[in-house]
Amino acid sequence: VQKNGKADGFHQPRVRGEDSFEEAPLYVAVLTYMGYGIVILFGYFRDFLRAVGLEKCHQAREREEQKDFVPLYQDFENFYKRNLYMRVRDNWNRPICSLPGPVFDVMERVSDDYNWTFRLTGRTVENVINMGSYNYLGFAENNVDFLKTVAEETRQYGVGVCSTRQELGNLSIHEKLEQLVAEFLGVESAMAFGMGFATNSMNIPALVGKGCLILSDELNHTSLILGARLSGATIRVFKHNNMQSLEKMLKEAICSGQPRTHRVWKKILIMVEGIYSMEGSLVRLPEILALKKKYKAYLYLDEAHSIGAVGPTGRGVIEHFGVDPKEVDVLMGTFTKSFGAAGGYIAGKKELVDYLRSHSHSAVYATAMSPPVVEQIIRAIKCIMGYDGTTEGQRRVRQLAENTRYFRSRLKEMGFIIYGNQDSPVVPLLLYLPGKVGAFSRAMLKRKIGVVVVGFPATPITEARARFCVSAAHTREMLDKVLQSLDELGDDIRVKFSRHRRSYRPELYDETDFELDS
């Protein structure tokens, strides 16, 4: 596939493997709804106590003399934050005071008013295992030997550019990065942006507009949704990874055209992600490409979580499925995850990139990327491609794949319900009940393990979860400690809901000990 570090073909397609979305037992769903019902009921009761002055209200409220004005705060959102989110607010925004690598240090804080405000105790929780950062290949590091080139570029260019690319901010290092990204992806051209979120939200409006149709996966990231809404195009949402739903919409779009006028759509753009960040599932890329070709649509592929993290040499779902990158019209990705930096890119044909250079708001108005950040990305990509003269990059790619499969398989054996694909380093572990979300996060921190917990409205109301992100920087000892803690905690707070449970003790499944009946 590669000769002298250059792409010279395509990998044989991998077997995709089914995404795992095991349903919870019925009683879990019932208890989850009951839990939210009880919390909401007590919330209204506490609001009554606040209204009569028996309990102090810390929440921002409308001034009395402005009660006839249009309200600034939406009532239910305010209610939810005041009575539900505040009870578990201590599980988010924890202050980190070290390098966020495979381990980090957390500043200890406490609250004297039920999480309305926090105060630091002056103590630090050290060597907490980091299971929440998107540091897939471990490039968020402070190794002096690895960062020599970053220091050199900082001395030459400084830290800030203070200008846009179109004015006085187009440095040679920016063009070097874009050439390297295009070579890495195997496409004609690429363009880099300073912010990953804006790469989607500011470029999609430059590609489609009124009279165009966007077909968006229902689990797409907020940046894709915002970009679609800003574009002015018509948006229709298809079921997650459901090819029947997508094809039905494509047929309807071709046959019926635009609403009322029935004119032909100017463009039909399918928007999907490589790895879905809350589900851990992989896009069904070969099937989507077949539909794209059949119905003459365009494809926008967001590889924010998949670039660097999947594929035999880290080139994302394109490589994972053995697809020619030139078949995807718009390739998007970010540098904030696998590359340990910041920003994003759009790649594809030269005509596409040249068009975006003059029409994208993110390209025309945004300040150019910081030179040290650019060099960090270049360093990481060269390491993955082997241009640094070592095999360290490929070792990290293989280590991530090994860690991912090991971590996922052990969790399944323990009896947890986890979502996603076996090759996805994003591992959602389902907790369901709202009371278990806070209890889980606090208990894990006591065991010196940092996790991310997610609930409604970021997920469906019955599917609160903990989201683990596996890294190549995690050692087997770290993963085993996390797994042991999860095994103990899963029994303590009763979150082993899987009905396909199997013991992880291999001695119980040694087939040589079984005797067959004659």
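The values are calculated or read from the model by the stated rules, or taken from the named source; none is laboratory data. Remember, predicted model here, so these are calculated numbers, not experimental data. So basically every Cβ, Gly included, is an ideal-geometry build from the backbone, and we count neighbours across all protein chains shown. Ligands, DNA and RNA are excluded from the accessible area calculation, which covers all protein heavy atoms including side chains. Shrake-Rupley method; radii C 1.70, N 1.55, O 1.52, S 1.80 Å.
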Across (1) out of contact with any strand residue (DSSP E or B) (no Cβ under 7 Å at 6 or more places or on another chain); (2) farther than 30 Å from Tyr365 by Cα; (3) open to solvent by 60 Å² or more (accessible area, probe 1.4 Å), Met86 clears everything bar (3)
Among residues of the range 263-313 being more than 21 Å from Val454 (Cβ to Cβ) and of a type in the set (Ser, Thr, Tyr), the residue nearest to the chain's Cα centre (by Cα) is Tyr300
Subset of the range 194-227, residues out of contact with any Phe, Trp or Tyr (no Cβ under 8 Å at 6 or more places or on another chain), crowded, with 23+ Cβ neighbours inside 10 Å and more than 30 Å from Glu175 (Cβ to Cβ), comes to Ile214
Please work out if Phe416 is among the hydrophobic types (A, V, I, L, M, F, W, C) and farther than 25 Å from Ile96 by Cβ.
yes
- Scanning for something within 16 Å of Ala473 (Cβ to Cβ), at pLDDT 90 or above and open to solvent by 60 Å² or more (accessible area, probe 1.4 Å), does the range 102-116 turn up at least one residue? no
Checklist entry - Ala342: within 24 Å of Ser163 (Cα to Cα) and either free of Cβ contacts under 8 Å to residues at least 40 places away in the same chain or open to solvent by 20 Å² or more (accessible area, probe 1.4 Å) (or both), yes or no? => result yes
- Inspect all residues belonging to the range 464-477 and state whether any of them is part of a helix (DSSP H, G or I) and open to solvent by 40 Å² or more (accessible area, probe 1.4 Å). yes
Screening Leu400, Leu431, Leu411 for residues that are touching a Pro at 6+ places or on another chain (Cβ under 8 Å), surrounded by 23 or more Cβ atoms within 10 Å (Cβ to Cβ) and of a type outside the set (Lys, Arg) leaves only Leu400
Test for Glu252: is it open to solvent by 20 Å² or more (accessible area, probe 1.4 Å) and over 17 Å from Ala366 (Cα atoms): yes
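Every residue, every condition in (1) among the basic types (Lys, Arg); (2) touching a residue at least 60 places away in the same chain (Cβ under 8 Å), yes or no:
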| site | (1), (2) |
| --- | --- |
| Pro428 | no, yes |
| Phe440 | no, no |
| Arg447 | yes, no |
| Val451 | no, yes |
| Arg467 | yes, yes |
Selection from the range 439-462 of residues crowded, with 16+ Cβ neighbours inside 10 Å, closer than 23 Å to Asn78 by Cα and more than 16 Å from the chain's Cα centre (by Cα) yields Phe456, Thr462
Flagged in the range 434-455 as out of contact with any strand residue (DSSP E or B) (no Cβ under 7 Å at 6 or more places or on another chain) and either over 27 Å from Arg123 (Cα atoms) or outside any helix (DSSP H, G or I) (or both), in numbering order, are Gly435, Arg447
Going through (1) outside any helix (DSSP H, G or I); (2) farther than 30 Å from Gly209 by Cβ one by one, Arg379 fails only at (1)
